[in-house]
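The values are calculated or read from the model by the stated rules, or taken from the named source; none is laboratory data. Keep in mind it's a predicted model, so treat the numbers as computed, not measured. A quick note on method: Cβ atoms are made from the backbone with ideal geometry, for glycine too, and the neighbour counts reach across all protein chains shown.
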Amino acid sequence: MFSRGHMEYTVIINKRAPENAPREGGNVYMKKKIVLLTLAAVLALSATACGSGGNSSEPSDGGDAKTSDVANKDKPLVWYNRQPSNSSTGELDMTALNFNDDTYYVGFDANQGAELQGTMVKDYIESHIDEIDRNGDGVIGYVMAIGDIGHNDSIARTRGVRSALGTGVEADGAINSEPIGTNTDGSASAVKDGTLEINGKTYTVRELASQEMKNSAGATWDAATAGNAIGTWTASFGDQIDVVVSNNDGMGMSMFNAWAKDNKVPTFGYDANSDAVAAIAEGYGGTISQHADVQAYLTLRVLRNALDGVDVDTGIGTPDDAGNCLTEGEDYRYSEEERSYYALNVAVTADNYQDFTDSTKVYDKVSNQLDESKSPSKKVWLDIYNASDNFLSATYQPLLQNYDDLLNLKVDYIGGDGQTESNITNRLGNPGEYDAFAINMVKTDNASSYTSILSK
């Protein structure tokens, strides 16, 4: 029996012909049987074509039809962690940031964080001056691990420390951020000796050495290279080193564990990684939280809003139906001109480090589950430029994985090698199966490597 509308059809196809059935020009019963079989096939095809589950315009995975019809070039895109920009000048790549109407950048306020780090180092020196000048020569010597000389964050952090300590030299209207190699006598041209007045005494502040931490394979921000560098520097400078500064915690902790901890030399990093925060109790001087919980949320939230077709501010500066909402000016700032969301930084020191011991905890303000009937499951392609990067692998990705559930997003996490863009782009071979993209470039110059794929 087949149903079509309110009509029913019964077809007998298995019954044998009676032995006494008439035969006119052939087996009449078999002719009738063929007709009935044909009718059955037609009705079956009709039922398949018109049934509720057979509409080819509706996706089979439960997503909406609109998303499945969106061209890759029009799908939501978030650049995160590494802002599309010229690695030499820092000029933003506005073509990449305006790739389509649903393209944004999510990161943190690099300059605000850099100022915080420099101030944190300076404040520590001033409050610990009685024990920090290890050889009593009146010179506060520091060494600095530079992550990537072409990276905006690295540039900002280097400048922030030099500015706060008075060791910066202006070049082209900004403080020089180049590594200096070694500077035993203070004669390096890229920096100068600074001074600090503390308790009525004038101290000289000198950058003894700085270096880009790039390994032999070309990967930057390399912790192992930093660990080797501190060994070289201590062999050259010995007890002249009073402070260790790093552009991030990965390199900072490598130097701390290799030498600074045993020699009670305060080390300052950036990122508020769990191991660095815990090490503050053991003499690590401090670190900067770039509010990774806010960044991870924003990375996926911007995509979620675009996929739902709601205002981009929903659940960010404007409460969503679940009650999620951040505080602008406290948690983040938004630059409309740059199409960029920036999380605001917090200094983590001995005074407050216990509040930051769990770096993978979701932020209370945005910890509520979205209603899947209003925000249905969607698929996101997301890469991490270097699967071995301590901050991204130990802090950022776990946070993303917590938020993807809350935001009803199915995220494919792609880990790069930190060296070549093709290691990532080669795995973006079928963008059509995704609803949105979150991209973390190896080099900030290379946005076109991704947009060219999405534009095909």
- Note on the structure: In the set Arg82, Arg134, the lone residue that is touching an Asp or Glu at 6+ places or on another chain (Cβ under 9 Å), basic (Lys, Arg) and within 13 Å of Asp153 (Cα to Cα) is Arg82
- Message: Taking the criterion of being touching a helix residue (DSSP H, G or I) at 6+ places or on another chain (Cβ under 9 Å) and charged (D, E, K, R), would at least one residue in the stretch 140-150 satisfy it?
- Response: yes
- In the stretch 189-223, how many are within 36 Å of the chain's Cα centre (by Cα) and without any contact (Cβ under 8 Å) to a residue 40 or more places away in the chain? 8
- Message: Go through the stretch 144-155 and report how many residues are surrounded by fewer than 22 Cβ atoms within 10 Å (Cβ to Cβ) and hydrophobic (A, V, I, L, M, F, W, C).
- Response: 1
- Message: Kindly evaluate Gly286 against the criterion of being under 23 Å from Val139 (Cβ atoms) and touching a residue at least 40 places away in the same chain (Cβ under 8 Å).
- Response: yes
- Among the residues of the stretch 121-132, which ones are under 27 Å from Tyr396 (Cβ atoms) and either touching a Leu at 6+ places or on another chain (Cβ under 8 Å) or buried (at least 23 other Cβ atoms within 10 Å of the Cβ) (or both)? Val121
- Query: Looking at Val265, Val244, Val294, Val312, which is the one that is touching a Phe, Trp or Tyr at 6+ places or on another chain (Cβ under 9 Å) and assigned to a helix (DSSP H, G or I)?
  - Reply: Val294
- Criterion (out of contact with any helix residue (DSSP H, G or I) (no Cβ under 6 Å at 6 or more places or on another chain), on the phi > 0 side of the Ramachandran plot and assigned by TED's automatic domain parsing to the domain that holds Ala71) met by exactly one of Asn430, Asn408: Asn408
- Note on the structure: When the stretch 261-275 is checked residue by residue, the ones that are surrounded by 24 or more Cβ atoms within 10 Å (Cβ to Cβ) and either among the hydrophobic types (A, V, I, L, M, F, W, C) or at pLDDT 95 or above (or both) are Thr267, Phe268, Gly269, Tyr270, Ala272
